[in-house]
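Engineer: Next up is a structure, given as structure tokens.
The values are calculated or read from the model by the stated rules, or taken from the named source; none is laboratory data. The shown structure was predicted, so the numbers you read here are calculated from the model rather than taken from an experiment. Here the Cβ is made from the backbone with ideal geometry for all residues, glycine too, and neighbour counts use every protein chain on show.
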């Protein structure tokens, strides 16, 4: 009898996702979904309907449902994880391809306290046909403010350690490839680029490969666009961060996911081989 087991599993994933948004956060300030944060201490963060709605949508097959599938595949102790978030023992939890966290501002941030600057989830998963999906959910919707902001996905294909960290304050985040999604004021438009940090070449990503919906950002690439620098595709690593000014100092970075390291990308299908660079 598989139905009860499936229902329980789905419920537990919903609980895990929901607790990232709800655990240890005072349930206040919900009247306006675009409410912005007055202070940046983790204990002062409140839930935001936009972020919660995005998570529920993914759980029911909407944007980002691939990451729910990944959670089902990789997480075998959901009860323990849920309890960890409920008790405050866990504020961040990661598996290959996905990280969930209590939203917070990193300690050096001096920018505006906008909901969309604080990540609650980020992921990188390889899909069928060698398609790589990069995704993130912020605490609130991008259309909530007249400030330009970006979500950056950093990938390490093998040369990250040689290039060094993007920010000296985060020595564990050493990408050699960046994908930057920039959202204009009030989300009136958005665009994305990919930058090979080894060659210095920046390329525009077609608009049909980018999605920005409320607090959700997704971008799709082919593995062939991300040539190996020594690592096989399954060992590529990623991290994500928000920023008001890409390529500026860490004071412009709202939050990181994971906080201080890079984690392996996730796999939902056997990986194709990435073409190496030829100097």
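Engineer: Looking at segment 172-245, what strands (runs of 3 or more DSSP E) fall wholly within it and have at least 1 residues that are touching a strand residue (DSSP E or B) at 6+ places or on another chain (Cβ under 7 Å), at pLDDT 95 or above and within 16 Å of residue 262 (Cα to Cα)? Before you say what the answer is, go through the steps one by one.
Structural biologist: Numbers: elements: 177-183, 190-196, 201-204, 210-213, 216-222, 237-243.
Of the strands (runs of 3 or more DSSP E) lying wholly inside segment 172-245, those with at least 1 residues that are touching a strand residue (DSSP E or B) at 6+ places or on another chain (Cβ under 7 Å), at pLDDT 95 or above and within 16 Å of residue 262 (Cα to Cα) span 177-183, 237-243.
Engineer: Take residue 65 and decide whether it is under 15 Å from the mean Cα position of the chain (by Cα), surrounded by fewer than 16 Cβ atoms within 10 Å (Cβ to Cβ) and modelled with pLDDT under 95.
Structural biologist: Numbers: under 15 Å from the mean Cα position of the chain (by Cα): yes; surrounded by fewer than 16 Cβ atoms within 10 Å (Cβ to Cβ): yes; modelled with pLDDT under 95: yes.
Spelling it out, residue 65 is indeed under 15 Å from the mean Cα position of the chain (by Cα), surrounded by fewer than 16 Cβ atoms within 10 Å (Cβ to Cβ) and modelled with pLDDT under 95.
Engineer: From the residues in segment 129-142 that are more than 12 Å from the chain's Cα centre (by Cα) and within 24 Å of residue 225 (Cβ to Cβ), which one is surrounded by the most Cβ atoms within 10 Å (Cβ to Cβ)? Talk me through it step by step, then tell me what you get.
Structural biologist: Here is the first cut: in segment 129-142, the ones more than 12 Å from the chain's Cα centre (by Cα) are 129-132, 140-142.
Filter again for within 24 Å of residue 225 (Cβ to Cβ), leaving 129-132.
Values: 129: 9, 130: 19, 131: 17, 132: 25.
Looking at residues that are more than 12 Å from the chain's Cα centre (by Cα) and within 24 Å of residue 225 (Cβ to Cβ), I get 132.
Engineer: Look through 113, 162, 150, 145 and report the one residue that is over 24 Å from residue 268 (Cβ atoms), at pLDDT 95 or above and surrounded by fewer than 21 Cβ atoms within 10 Å (Cβ to Cβ). If you could, list the steps in order and put the result at the bottom.
Structural biologist: Numbers: 113 fails: at pLDDT 95 or above; 150 fails: surrounded by fewer than 21 Cβ atoms within 10 Å (Cβ to Cβ); 145 fails: at pLDDT 95 or above.
Matching residue, one of 113, 162, 150, 145: 162.
Engineer: Among what's in segment 74-88 and is surrounded by fewer than 17 Cβ atoms within 10 Å (Cβ to Cβ) and under 21 Å from residue 118 (Cβ atoms), pick the residue that is modelled with the highest pLDDT. First the steps, then the outcome.
Structural biologist: The initial filter retains those residues of segment 74-88 that are surrounded by fewer than 17 Cβ atoms within 10 Å (Cβ to Cβ), namely 74, 76-77, 79-80, 83, 86-88.
So of that shortlist, the ones also under 21 Å from residue 118 (Cβ atoms) come out as 86, 88.
Working: 86: 77, 88: 84.
It comes out as 88.
Engineer: Still on this structure: Consider only pairs whose beta carbons are under 6 Å apart and that are at least six residues apart or on different chains; among these, list those whose first residue lies in segment 64-93 and is free of Cβ contacts under 8 Å to residues at least 12 places away in the same chain and whose second residue is part of a helix (DSSP H, G or I) and buried (at least 17 other Cβ atoms within 10 Å of the Cβ).
Structural biologist: The qualifying pairs are 65/58; 90/84.
Engineer: Going residue by residue through segment 241-259, is there one that turns out to be in contact with a helix residue (DSSP H, G or I) (Cβ under 9 Å, 6 or more places away or on another chain) and surrounded by fewer than 16 Cβ atoms within 10 Å (Cβ to Cβ)?
Structural biologist: yes
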